[in-house]
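Read the structure below first, then the notes.
Rule-based calculations on the coordinates, nothing more; no lab input. Predicted model, so just to flag it, every value in this text is computed and none were measured. Cβ placement follows ideal geometry from the backbone for every residue including glycine, while neighbour counts extend to all protein chains displayed.
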Amino acid sequence: MTLPLATVLGADWQTLADAVGLGGIYALMAVGIGLVFGVLRLVNFAYGQLVMAGAYALAFAYEQGWPVWGGILLCFGVVVLLSVAMDWLVFRPLRAHSPAVMLVATFAVAFLLQSIALLWFGPLGKIAASLSSLNQPWVISGVDIRKISIVSTAVAAGGLVALVALLGRTNVGLHMRAAALDFRTARLLGVRANRVIGSAVLISGLLAATVAVMLTVQTPLVTPDFALRDTILVLAGVVLGGMNRLVSATLGGFAIGFASGFLGGALPTDQSQYLPSFLFAAVILVLLIRPAGLFARTGQQAVERV
Amino acid sequence: MRRVLAVAELLAPALLVVAVALVGTVVSTSTETYVVTTLVNVAIVVALYVFIGNSGVLSFGHVSFVAVGAWAAGILSMPVAEKPAIMPNLAGFLRDTTVGNVPSLAIAAGVGAAYAVLVGLPLMRLSGLAAGIATFGVLEITHNVLRYWEKIGPGLNTFSAVPETTGLLQAAVGALIAVAAAFLYQRSRYGRMLRATREDAAAARAVGVSVYGQRLVAFALSGALAGLAGGLYVHLLPLNTESLYLDLTFITLAMLVIGGATSLWGAVVGAVAVSAVDSFLAEAENGVHVPGGTLDLPAGTRIVVVGALMALVLILRPSGLTGGREIPLPRAAMRGLLTKFAR
């Protein structure tokens, strides 16, 4: 029963690389959820279903024998369209309601989309394997590491850098940060609500599509509950890190992805099966002790939008 | 006047439950199962209502109380001879004990309440989003532990060999107990104090109401009712951990929201209406005869329809079908009743 931590840290670079890769993917999802939360105070439970839709798009393209870029293009198109539709049909009418009502509504949307996928594609699942060559290992100074671990780490890092640039250097980014800080005052100062929310939803859709591409490489079998578990974990991570700032939400997402990837790979099954319990117990503990999140600045409480 | 309203507040949901049960006596055996399920759903949704409706705090965790109730009742009422086949790793006391049907239901309610108190002690300090996420965490933990801990249950196996004693009568009595408990609670001092915290937490605090304490009381009561419902449920169908997880959480929350979360009448109406739609669609997924042909819907239609209904109700009528009010009496009937009582 002794933890093989030393051996893992010393020798099993693959587990470590996988964990970093998964952490990167979860960090991207955390940004997608955190961005929308920032401007709408809405926890999007249906985020995973956006990823699922993207994965089905990739599976469709693979089935039809489309080239890889065609599949990725279709994936981005489908996911972005769906997220904009979600904003129009659900988020907009509900914007004035309490965060709890909106959470229940996105819960409903999540189930709706999942059952539509079940109706449409059946429970058995489809294969999206056009990028499966990324599962081959690269040999780096004598150590085998799967390409996807490196690619997803790189893509996540690139995505985050691009996002920081967007938020820090552009007008829209400035508006989004202002809206996240205090929506009402931002509107009074001339920030256009619909535009800010629209761009946040758009970016979070782009991130979901990216995540869909990465996740299908790791799990080529696309079923209606694709990415459901990941979303639940990322939500927990986002709360763990602190929802109010993007940086802390992202760190939380990375941390939970890294932890679940690392512990899931390193622990024997009879211990790792209780991993979700420990992660969620940690989330509850953090909510009780530091309601604003682990990485949040102290003294900042959530300002519920009126 | 007040007394008339109070009587209607109890009678209307209770009569609806009785009416549903009466429908069950005249239909075929296969349809009867749907009716019994509807009655169990009423009990679960009323349990949800006792906490969510009166406190205004969201909980995704109540299905965990249903689950522990089902586990307790299922394990304890399974015949000792059957246990090793389904639950080979069961702890000693649970392995050698079998109780009757009614005691098992009482134990289910007790276990549900105890678990709710245990969970509520730390969690009732939270509200809003934090409460939603934390109770969701409780659901995840409970599901995870029940799924793999084989000392306290069947783990990944299905609860077969539990005596299937939940018929129309028991389910109806269970639902009526839940309705009566919810009614008594909401008319009591505690229920009123909790609703005051829902309307304005600061004002309620200012007049000396403990928000934390009142929420905990309601949480414990609703945990007991949910546990009871879980006991009824395990005596109705062979359950496993997957049948007491996200789907049930979603459908029962949908029932509460569609009916109207802030009234007992709304909870019961929502449970009955959505269960009716859901049972019809479930039947239609296997093909039913309707006037003008056969209706054969593909599997999964149920959740699509219920999900769409829930989203629509949230957008168009956020306070639910009943508007979140108790039963509105027609004026003429009220006047008649009033004159009667005046004499």
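Positive end of the dipole of segment A:5-289 (Cβ unit charges, origin at the Cα centre): among A:LEU202, A:ILE284, A:GLY23, the Cα lying farthest that way belongs to A:LEU202. For segment B:2-243, a simple Cβ point-charge model (Lys and Arg +1, Asp and Glu -1, everything else neutral) yields a dipole of about 880 debye relative to the Cα centre. Entry note, chain A: relative contact order of 35 percent, from Cα contacts under 8 Å with a spacing of 6+ residues. Computed from the Cα positions only, the extents of segment B:2-243 along the three principal axes stand at 58, 43, 26 Å, in decreasing order.
Out of all Cα-Cα pairs in segment A:43-132, roughly what percent, to the nearest whole number, are more than 18 Å apart? The partial results should precede the final answer.
Values: 1939 of 4005 pairs.
The calculated P(r) of segment A:43-132 puts 48 percent of pairs beyond 18 Å.
Charge dipole (Cα centre; +1 on Lys/Arg Cβ, -1 on Asp/Glu Cβ; no other charges) of segment A:5-289 amounts to roughly 1080 debye. Helices in chain A, meaning DSSP H runs of at least 4 residues, each add -39500 (n - 2.57). Divided by all residues, the mean residue ellipticity at 222 nm is -23500 deg cm²/dmol.
Quick one: net charge around A:VAL172, please, counting Lys, Arg +1 and Asp, Glu -1 for every other residue with C-beta under 11 Å from its C-beta.
Numbers: positive: A:ARG169, A:ARG177, A:ARG192, A:ARG195; negative: none.
With Lys, Arg at +1 and Asp, Glu at -1, the neighbours total +4.
For segment B:115-182 versus segment B:1-77, the inter-centroid distance based on Cα atoms is 14 Å.
For B:ALA12, the shell of other residues with beta-carbons less than 12 Å away shows a net charge of -1, using +1 for Lys and Arg and -1 for Asp and Glu.
Shape analysis of segment A:5-289 yields a ratio of the Cα radius of gyration to the Kirkwood radius, Rg/Rh, of 0.97. Size estimate for the protein assembly as shown follows the Kirkwood approach: the inverse of mean 1/r over distinct Cα pairs works out to 26.1 Å. Of A:ILE145, A:ILE232, A:LEU124, which is farthest on the positive side of the dipole of the protein assembly as shown, counting Cα position, with +1 on Lys and Arg Cβ, -1 on Asp and Glu Cβ, and the Cα centre as origin? So the residue we want is A:ILE232.
I need the shape label for segment A:191-246. Rule: rounded when a/c is under 1.5, else prolate if a/b > b/c, else oblate, with a, b, c from the alpha carbon gyration tensor.
Numbers: a/c = 2.88, a/b = 1.51, b/c = 1.90.
The shape class here is oblate.
Between the listed residues B:GLY110, B:ALA182, B:LEU228, the Cα displaced farthest toward the positive end of the dipole of segment B:2-243, a dipole computed from Cβ unit charges relative to the Cα centre, is found at B:ALA182.
With runs of 4+ DSSP H residues as the only contributors, calculate the mean residue ellipticity of chain B at 222 nm using -39,500 (n - 2.57) per run, divided by the residue total and rounded to the nearest 500. Write out the running numbers ahead of the final one.
Numbers: 15 runs with 239 residues, N = 343.
Calculated at 222 nm, the ellipticity per residue is -23000 deg cm²/dmol.
Put in line by how crowded their Cβ is, counting other Cβ atoms within 10 Å and starting with the fewest, B:THR262, B:THR158, A:THR15 read B:THR158, A:THR15, B:THR262.
Determine by what factor the alpha-carbon radius of gyration of segment B:65-205 differs from 2.2 N^0.38 Å, reporting the quotient. Mind showing how you got there, number by number?
On the way: Rg = 18.2 Å, N = 141, 2.2 N^0.38 = 14.4 Å.
So the Cα radius of gyration is 1.26 times the expected 2.2 N^0.38 Å.
Residue order for B:GLU285, B:GLU82, B:GLU199, fewest other beta carbons within 10 angstrom first, comes to B:GLU199, B:GLU82, B:GLU285. Under a cut-off of 17 Å between alpha-carbon atoms, report the aspartates and glutamates in cross-link reach of A:LYS126, not counting same-chain residues fewer than 8 places apart. Partners found: A:GLU63, A:ASP225. Count Lys and Arg as plus one, Asp and Glu as minus one, and take only other residues whose Cβ is under 15 Å from that of B:THR29; the net charge is then -3. Amide H to amide H distances under 5 Å link A:TRP138 with A:ILE145, A:ARG146, A:LYS147, where only residues 5 or more positions off or on other chains count and H is placed in the peptide plane.
Using square roots of five times the C-alpha gyration tensor eigenvalues, list the equivalent-ellipsoid semi-axes of segment A:158-239 in whole Å, biggest first.
Working: eigenvalues 184, 40, 25 Å².
They are 30, 14, 11 Å, listed from largest to smallest.
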